[in-house]
Every structure is written in C-alpha cells, then in structure tokens.
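Colleague: Take a look at this one; I'll ask things after.
The values are calculated or read from the model by the stated rules, or taken from the named source; none is laboratory data. Note that this is a predicted model, so its numbers are computed, not measured. For neighbour counting, all protein chains shown are included, and Cβ atoms are generated from backbone atoms with ideal geometry for every residue, glycine included. Please note that ligands, DNA and RNA were not included when accessible areas were found on the heavy atoms of the full protein model with its side chains. Shrake-Rupley method; radii C 1.70, N 1.55, O 1.52, S 1.80 Å.
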Amino acid sequence: MPISQKSLHVMLHLFLVYISWGSTYIGYKFSLGVAGPFMVGGSRMVLGGILLALVLMLSGRWRRPAKKDWIHAAWMGVFMVLMASGFLAKGQESVASSTAAVITGSTPITMLVAGWLFAHEPRPSPMQWTGLCTGTCGLILLACSQQNVGGVQQSSISGMIWVFTATLGWVAGTLLTRRFPFRTRLSSLQSCALLLFVGGLECLVVAFLDGEQHAMHYENIRWPVIVAFAWMCTGGSVIAYACYFWLLEHVPIATAVSYEYVVPVIGIFLGWLLGGEMLTWRMLLACSMTVGSVFFIMWHRERH
C-alpha cells in the first residue's frame, strides 16, 4: 500500500525534529571548547532568531511586533532561553552530552509534578506515580554511574544540577504560558523568532557580566566546531521549531511530542559516536528507565 504524501511530510518533519534537537548536546560539547556556555547559548539563539525572522520576512509572513510582544518575549526568554539553553550549556561544561540528553529527557516527568503542584493540573494517577518513581530511580542510577567510569569522572553532580535546572526553566515557561495565555497578532513562528532573539540577548548579557568574552579560545576553532555550531543555529533553532509547530497543526499532540522519547537516545548515540563518551550497562539501564517512564506517563496522559 503506497504511503500518502501527507504521511511522507509527517515522517520528514518528525525526522528533522528528532535529529535537530537530538544533536544539540554534541553541538554544545564541541562549541564549549571555543567559548563560554552563555556565550555559545546566546549566540546560537540570537542567530537562530534572526534566521527564522528572515525566513518569515522572505515568505511575507512577518508583522511588526508591538511593545507588549517585546516585553512578553523578554520575561519568557528568562525561562525558556536563558535557563533552558544557557543553563544547559553551563552544565555541559562538566557533564557528558549523553548524560545531559537523558536528564532533559525527563522534562515530562517534571512537567507532570509541577503542573499538579503549581498549575492546578490533575493529580497524577497511580500508573503515573509508578512512571515518576521509575524515572526518578533512573536519574539516581545515572548520577551514580557517572561518578566513575573506567577510573575517569565523566560528569559532576553540580553540572547535572545545572542541566536539571535548565529543564525547570522550560517547565516553568510552559506552565506560565498555560496559566497566563498571551494574546498577540503575531504567528506562533514569529513569536518564536522574537523569543529566541530576545532570550539570546539575555544570555549574552550574562556572558559579558561573567567575563566570558575574555576566555575565548580561538585556537580551538576547527571545522567540526564550525559545523556543530552552524547546525545548532539552523537545525536546532530554525528547522526544529518550524517543523515542531507544523506538527502541532497537522498531527495529534502525542505524535508531535514523540521527540521526548527519541531525543535522549539520539543524544546518547551521538555522544558515543562523535564525542568518544563511554557507555556502561548502568548508564544504558538508567537511560531505559528514564525514557521508558516518560513514554509510560505520556501514553497514559493521552489515553485520558
């Protein structure tokens, strides 16, 4: 039976989202050898926002943002860009990219608990509590397994805390968006471009306040670094967000958010393949527990 054109479009958009966001972690690993975390995260987001805005302008879908749009982008950028991207990069200074991928893959678990405690979301069901316990045990096992792999410490606890705090920023921004919906004439993609640009500027401000401009290592610029950073700007920002918003409009939400199951796996694979990171049976077990619990929670949520 031939595959329909719409099905092909859906599969292509899903593939691009998986690859784009799944490769962000290894992209940070390479780029952090040249610049500081907030410098890398801010530059990536600013350039991504500009590129997305240019695409919208060339396609005739750009409207001039109002003052309230800039203000909204500024305070939302603190959570969804400064924390979600800047803190992630900060954590990856001392955390393996595969570990960062697994920790951020637990975002739906944090979203479920935070929504119940702070956003008047329904109380987790017994099956969801089971998923929460499994995911938490997976993260604890991951933290223990990362302390000494082959006699070498791969990830620090402080770095893992930075990465986990980055997920809290994304969760907080999402819940605030639900709790206080913002009315605007801008399209979702244009609002996204504005968010990336303003949030990226906030990251750069933190970078300059922290003196990261004085710790640049231009001698470490190599073609792999250039390719990795360019891909984060284009793939991780423009392509991923554009494809994700397209999926939200054309497929069920369960299909659109399926990246939450796939991205950690891609992050771990690329960390091993391109970053030379070690994998042990404990790390693979922790990954299976965490990713499996996310699938269990999301599957149950979509059925009710």
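Colleague: Provide the net charge surrounding GLY41, with neighbours chosen by a C-beta distance below 11 Å and charges set as Lys +1, Arg +1, Asp -1, Glu -1.
Modeller: On the way: positive: ARG44, LYS90; negative: GLU202, GLU212.
The answer is 0.
Colleague: Follow-up question, since we're still on this one. Under a GNM of the chain (C-alpha, springs under 10 Å), which listed residue has the highest mean-square fluctuation: GLY211, GLY271, GLY77?
Modeller: Taking springs between Cα atoms under 10 Å, the residue moving most is GLY211.
Colleague: With charges set only on the Cβ (+1 for Lys and Arg, -1 for Asp and Glu), what does the dipole of the chain come to about its Cα centre, in debye to the nearest 20?
Modeller: That gives the chain a dipole magnitude of about 860 debye.
Colleague: Once the cut-off is 23 Å, how many percent of the Cα-Cα pairs in region 101-249 end up in the long-distance tail? Could the numbers behind the result be given before it?
Modeller: On the way: 6268 of 11026 pairs.
Percentage above 23 Å: 57.
Colleague: A further question on this structure: Over region 1-128, what is the mean sequence separation of C-alpha contacts under 8 Å (at least six apart), divided by residue count, expressed as relative contact order in percent?
Modeller: Values: 48 pairs, mean separation 41.9, N = 128.
Computed value for region 1-128: 33 percent relative contact order.
Colleague: While we're here: For region 63-77, in order, what is each residue's ³J(HN,Hα) by Karplus, 6.51 cos²θ - 1.76 cosθ + 1.60 with θ = phi - 60°, in whole Hz (x at glycine and Pro)?
Modeller: 10, 5, x, 7, 4, 5, 5, 5, 5, 4, 5, 5, 7, 6, x
Colleague: Once fully extended, how much extra length lies between ALA114 and MET216, figured as 0.36 nm per residue of separation less the alpha-carbon to alpha-carbon distance? Each step should come with its number before you reach the end.
Modeller: On the way: separation 102, 0.36 × 102 = 36.72 nm, distance 3.77 nm.
Here the segment from ALA114 to MET216 would lengthen by 33.0 nm.
Colleague: Which residue fluctuates the most in the chain, going by a Gaussian network model with Cα springs under 10 Å, if the choices are GLY275, GLY86, GLY267?
Modeller: Among GLY275, GLY86, GLY267, the largest GNM mean-square fluctuation belongs to GLY275.
Colleague: Does anything in region 32-49 have its amide N under 13 Å from the 7 Å Cα→Cβ label point of THR177, and if so which residues?
Modeller: none
Colleague: Express the accessible area of region 46-193 per residue in Å², computed with a 1.4 Å probe while the remaining protein chains stay in the model.
Modeller: Details: 7170 Å² over 148 residues.
Result: 48 Å² per residue.
Colleague: What is the percent carbon and sulfur in the accessible area of the chain, measuring with a 1.4 Å probe over the protein chains and ignoring ligands?
Modeller: Values: 10470 of 14980 Å².
Reported share for carbon and sulfur atoms: 70 percent.
Colleague: May I ask for the longest run of the chain untouched by trypsin sites (Lys or Arg not before Pro) that are loop-located per DSSP and have at most 15 neighbouring C-beta atoms (other than their own) within 10 Å? Before the final figure, lay out each step's value.
Modeller: Values: sites that count: ARG61, ARG63, ARG183, ARG185, ARG222.
My reading of the result: 64-182 is the longest stretch.
Colleague: Okay, moving on. Positive end of the charge dipole of the chain (Lys, Arg +1 and Asp, Glu -1 on Cβ, about the Cα centre): tell me which of SER23, LEU82, LEU175 has its Cα farthest that way.
Modeller: Highest projection toward the positive end goes to LEU175.
Colleague: Continuing with this model, one more query. Excluding THR110 itself, calculate the net charge of residues whose Cβ lies under 13 Å from the Cβ of THR110, where each Lys or Arg counts +1 and each Asp or Glu counts -1.
Modeller: Values: positive: none; negative: GLU121, GLU260.
The answer is -2.
Colleague: Can you run phi through the Karplus equation (6.51, -1.76, 1.60; θ = phi - 60°) for region 38-50 and list ³J(HN,Hα) in whole Hz, with x for Gly and Pro?
Modeller: Ordered by residue, 3J(HN,Hα) equals 6, 5, 5, x, x, 4, 4, 6, 4, 5, x, x, 5 Hz.
Colleague: What does the charge count near LYS90 come to, summing +1 for each Lys or Arg and -1 for each Asp or Glu among other residues with Cβ under 11 Å from its Cβ? Write down the numbers at each step before the final one.
Modeller: On the way: positive: none; negative: GLU93, ASP210, GLU212.
Here the charged neighbours net out to -3.
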